[in-house]
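Student: Submitted below is the structure of interest, expressed as structure tokens.
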Amino acid sequence: MLKGTSLPQNKTHGQAFIRLHAPWQVLSREAEFLKIKVPTKKSYELREEKGLAATMNELWRKLNQPFQPKVPHQEQEHSRTKFLSHCFSRDKLHLYNINSKDTFFDNATRSRIVYEILRRTACARTCQTMGISTLIANGVYDSAFPLHDGDFHPTGQAEAKNDRQLLHDEWARYGAFYKYQPVDLIRKYFGEKIGLYFAWLGVYTQLLMPASVVGIIVFFYGWATVETNIPSQEMCDEDQNFTMCPLCDRACDYWHLSTACGTARASHLFDNPATVFFAIFMSLWAAMFLEHWKRRQISLNYSWDLTGMEEEEEHPRPKYETILLQKRQSKKKNKKNKNEPERVVDESGELGKDKWRQRLLSAMAAGNPTGHEKLTWRDRLPGYFINISSILFMFGVTCSAVFSVIIYRITISALMAMSPDPEVKSNVRVTVTATAVIINLVVILILDEIYGMVAAWLTELEIPKTETNFEERLILKAFLLKFMNAYAPIFYVAFFKGRFAGRPGDYVYVFNDYRMEECAPGGCLIELCIQLSIIMLGKQLIQNNIFEIGIPKLKKLCRTLKDK
């Protein structure tokens, strides 16, 4: 479905929609061109398990039965009869199990084929653009999207439900949170890439459960042993009366170490002997998670016939073909200007250009570009230069944001320490830490959105040849920028805060007026825990819930009210 604004010469005004349909001839031709694998008539039977392994699997299947999604054709997906797959070919239709040409290609495959046609179609008038993405970027169309299979509300029995209704009832619903994901149905409806993503998400969520249980045990161990912790006891003992140096110059008084008793006891909850065991456990857990996902991915690749796809040649991106086309046009134009007389160009230049253009477009449509031209490092040099300078600039922006928050903490701590209110003085550290972390969270969320758009823009400037190259470079840039943005303040608290504060009589000052901040008497770990909890929970709550769930639901509600 293409969505755009009606042209002035059209009778309709406002938004207009164009619905595209691909008949069997188009689907079969493009499926052969894209080398899409489809099931054949040749089948084989999986070997049945026997002995103790079969008994254990059957017992595990019965225990998991309440958590399985109620998908009618799920039993067929897991049956012991498997069909061999082969790349589609119009010359070998007798090999495939074609019951109906209308349903032979599933919806995800049909949508993929139509999208590939759209993204590889060149503009016939100017021959300067390639694909629907360029047309959307130029404002010719507003968007392009596939249509769903009817409404998601159930209309009858499970056997009569379409795939969208089954996914809504057994997966995309809060009441189905305890069930396993129907990854085969997700793959059938959305495609292999989305199916693999949610399969990975399911494995990750499942393996987080034992890690969370061990973390809770470690936390309760710290809570149970806080009364026997000697450093906490010494700090909380008012009889020893440890007197500490002032936290600021001129306005601050000496203070007693026992006033930091709460911070010391809270630090022990997260920093106790069991924490060392938890760190070792998480290292082993990370290795186990990677190996378990590798096994799961290989199993899905085998079940979904994705093996061997990496060896197939990937087609160039429309953006790459567009720029390559412009380069060829420029070369041919320069060659004509040098070698051909002016009269010949005037009389037959346009005709020759049109013939060359048609030959080039037909060759690109057939997947065999003419010539051996390709984009070299000289063509990408401006993009590389902008990439490096922009990434360094973004790193500088992130460091500036962290430094600004440090200045805020130092100044607010000094101002609160000068307050005559004893209640304000006693809560200086907690107040400053909490407000600074909230500021950090807001800055991280804003820069995350900016860095995501900047990473996509910088990747486009590099002109990657294939979609795989584009995704790899985009992931690398997004990871660098977002990792630096999210973890720079955490790294500062964990490894740098308090290391450069100085000592009594020789403190380090910022702007010659404010002393460099120090860790709490119990250490910086409790502050690190506060920072991690607010940032991680805040990102999950705001980004994953408000941005991804709340705002779309609010838009849907507004559309519903508007329609009524």
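Student: Per the Kirkwood formula on distinct C-alpha pairs, the Rh of the range 476-564 is how many angstrom?
Tutor: 16.7 Å
Student: Out of the range 172-250, which chymotrypsin sites (Phe, Trp or Tyr not before Pro) are coil in DSSP terms and have no more than 15 other C-beta atoms within 10 Å?
Tutor: Numbers: sites: Y174, F177, Y178, Y180, Y189, F190, Y197, F198, W200, Y204, F219, F220, Y221, W223, F242; in loops: F177, Y178, Y180, F242.
Listed in order of number, the matching sites are F177, Y178, Y180, F242.
Student: In addition: Relative contact order for the chain: what percent, with Cα pairs under 8 Å and sequence separation of 6 or more? Numbers along the way, then the final one.
Tutor: Details: 487 pairs, mean separation 66.7, N = 564.
Relative contact order comes out at 12 percent.
Student: Mind pulling the angle between the C-alpha long axis of helix 24-34 and the longest principal axis of the chain? Nearest 10 degrees, somewhere in 0 to 90.
Tutor: Value to nearest ten degrees: 60.
Student: Here is a follow-up. Keeping every protein chain in place, order T259, T411 by accessible area at 1.4 Å, biggest value first, i.e. largest first.
Tutor: Values: T259 105, T411 35 Å².
I get T259, T411, largest accessible area first.
Student: Same structure, new question: In terms of solvent-accessible area of protein heavy atoms at a 1.4 angstrom probe, what is the ranking of D249, D142, highest value first?
Tutor: Numbers: D249 50, D142 75 Å².
Ranking D249, D142 by accessible area, largest first, yields D142, D249.
Student: Let me ask another. Report the one residue of L207, I230, S28 whose Cα lies farthest in the direction of the positive end of the charge dipole of the chain (charges on C-beta: Lys and Arg +1, Asp and Glu -1; origin at the Cα centre).
Tutor: The Cα lying farthest towards the positive end belongs to S28.
Student: Then there's this: Residue by residue through the range 141-150, what is 3J(HN,Hα) from phi via Karplus (6.51 cos²θ - 1.76 cosθ + 1.60, θ = phi - 60°)? Round to whole Hz and write x for glycine and proline.
Tutor: Values, residue by residue: 10, 7, 6, 9, 8, x, 8, 7, 8, x Hz.
Student: So, with +1 on the Cβ of K and R and -1 on the Cβ of D and E, and no other charges, what is the size of the charge dipole of the range 252-305 about its Cα centre, to the nearest 20 debye? Don't jump to the answer; show the numbers that get you there.
Tutor: On the way: 4 positive and 4 negative charges, 47 e Å.
It comes to approximately 220 debye.
Student: Okay, next question. Rg and Dmax of the range 193-314 over Cα atoms: what are they, in angstrom?
Tutor: My reading of the Cα-based Rg and Dmax gives 24.9, 77 Å.
Student: With a 1.4 Å probe and every protein chain left in place, tell me how much accessible area I280 has, in Å² to the nearest 10.
Tutor: For I280, the solvent-accessible surface is approximately 100 Å².
Student: Can you tell me the accessible area per residue over the range 399-517, all protein chains present, probe 1.4 angstrom, in square angstrom?
Tutor: Values: 6380 Å² over 119 residues.
About 54 Å² of surface per residue is accessible.
Student: Run the 1.4 Å probe and let me know the accessible area of T228, rounded to the nearest 10 Å².
Tutor: 100 Å²
Student: Taking all protein chains together and a probe of 1.4 Å, list R187, R120 from the most accessible to the least accessible. The partial results should precede the final answer.
Tutor: Details: R187 60, R120 35 Å².
Accessible-area ranking of R187, R120, largest first: R187, R120.
Student: Hey, another quick one. First compute the accessible area of the chain with a 1.4 Å probe, then give the percent of it belonging to carbon and sulfur atoms. Don't skip to the end; give the middle numbers.
Tutor: Values: 21980 of 36280 Å².
The C+S portion of the solvent-accessible surface of the chain is 61 percent.
Student: Provide the solvent-accessible area of W255, counting protein heavy atoms only and rolling a 1.4 Å probe, rounded to the nearest 10 Å².
Tutor: 50 Å²
Student: Tell me the per residue accessible area of the range 184-269 using a 1.4 Å probe; a whole number in Å² is fine.
Tutor: Values: 5200 Å² over 86 residues.
Spelled out: the 1.4 Å probe surface of the range 184-269, per residue, equals 60 Å².
Student: Another question, then. What residue among L537, G502, I549 has its Cα farthest toward the positive end of the dipole of the range 430-564, where the charges are +1 on Lys, Arg and -1 on Asp, Glu, each on the Cβ?
Tutor: With unit charges placed on the Cβ atoms, the residue in question is I549.
Student: Moving to a separate point now. Evaluate the charge dipole of the chain about its Cα centre and quote only its size in Debye, nearest 20, assuming +1 on the Cβ of each Lys and Arg and -1 on the Cβ of each Asp and Glu. Write out the running numbers ahead of the final one.
Tutor: Numbers: 71 positive and 61 negative charges, 611 e Å.
About 2940 debye.
Student: Would you kindly compute the Cα radius of gyration of the chain and its largest Cα-Cα separation (Dmax), both in Å?
Tutor: 31.7, 106
Student: Now, a different point. Among S267, A279, Q165, whose Cα sits farthest toward the positive end of the charge dipole of the chain (+1 at Cβ of Lys/Arg, -1 at Cβ of Asp/Glu, about the Cα centre)?
Tutor: Final value for the positive-end residue is Q165.
Student: Is there a quick way to get the dipole size of the range 420-564? I mean about its Cα centre, with the Cβ of Lys and Arg at +1 and of Asp and Glu at -1; what is the value in debye to the nearest 20? Mind showing how you got there, number by number?
Tutor: Numbers: 17 positive and 16 negative charges, 103 e Å.
Using only the charged Cβ atoms, the result is roughly 500 debye.
Student: Please list, ordered by chain and number, the residues whose modelled amide H lies under 5 Å from the amide H of H256; skip anything fewer than 5 residues away on the same chain.
Tutor: Amide H neighbours of H256: M244.
The values are calculated or read from the model by the stated rules, or taken from the named source; none is laboratory data. Quick caveat: nothing in here was measured; it's all calculated off a predicted structure. So basically every Cβ, Gly included, is an ideal-geometry build from the backbone, and we count neighbours across all protein chains shown. Side chains are part of the model used for accessible areas, which takes the heavy atoms of the whole protein and leaves out ligands, DNA and RNA. Shrake-Rupley method; radii C 1.70, N 1.55, O 1.52, S 1.80 Å.
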